[in-house]
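Written out below as structure tokens is the structure these notes cover.
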Ligand SMILES: [Zn+2]
């Protein structure tokens, strides 16, 4: 009789907590592999949403302009910034 296989434990790259159940797997452009727990994933998306909302709020209220807020993050099709 075969021994029951030990399930490989997976830990969240960001919070280091063991991930049980659903995980998000990412491979970055540099080849780094990341396992992300759903809680950290949602937190990062929330943070991104808040940053973008703040940028648009700044533009709308005249505190800043579109180019100042977004120009540095625009990437052309050939990869040039
Ligand atoms: Zn996590």
In region 59-81, which residues are in a loop (DSSP other than H, G, I, E, B) and surrounded by 10 or more Cβ atoms within 10 Å (Cβ to Cβ)?
63, 64, 65
Residue list for region 26-58, filter: outside any helix (DSSP H, G or I), under 29 Å from residue 70 (Cβ atoms) and either away from the ligand (no atom under 13 Å from the Cβ) or at pLDDT 90 or above (or both)
27, 28, 29, 30, 31, 32, 34, 36
Name the single residue, out of those in region 7-25 being within 12 Å of the ligand (Cβ to nearest atom) and not in a loop (DSSP other than H, G, I, E, B), that is modelled with the lowest pLDDT.
24
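The values are calculated or read from the model by the stated rules, or taken from the named source; none is laboratory data. Fair warning: this is a prediction, and the values are worked out from it, not measured in the lab. When we count neighbours, we look across all protein chains shown, and the Cβ atoms used for this are built from the backbone with ideal geometry, even at glycine.
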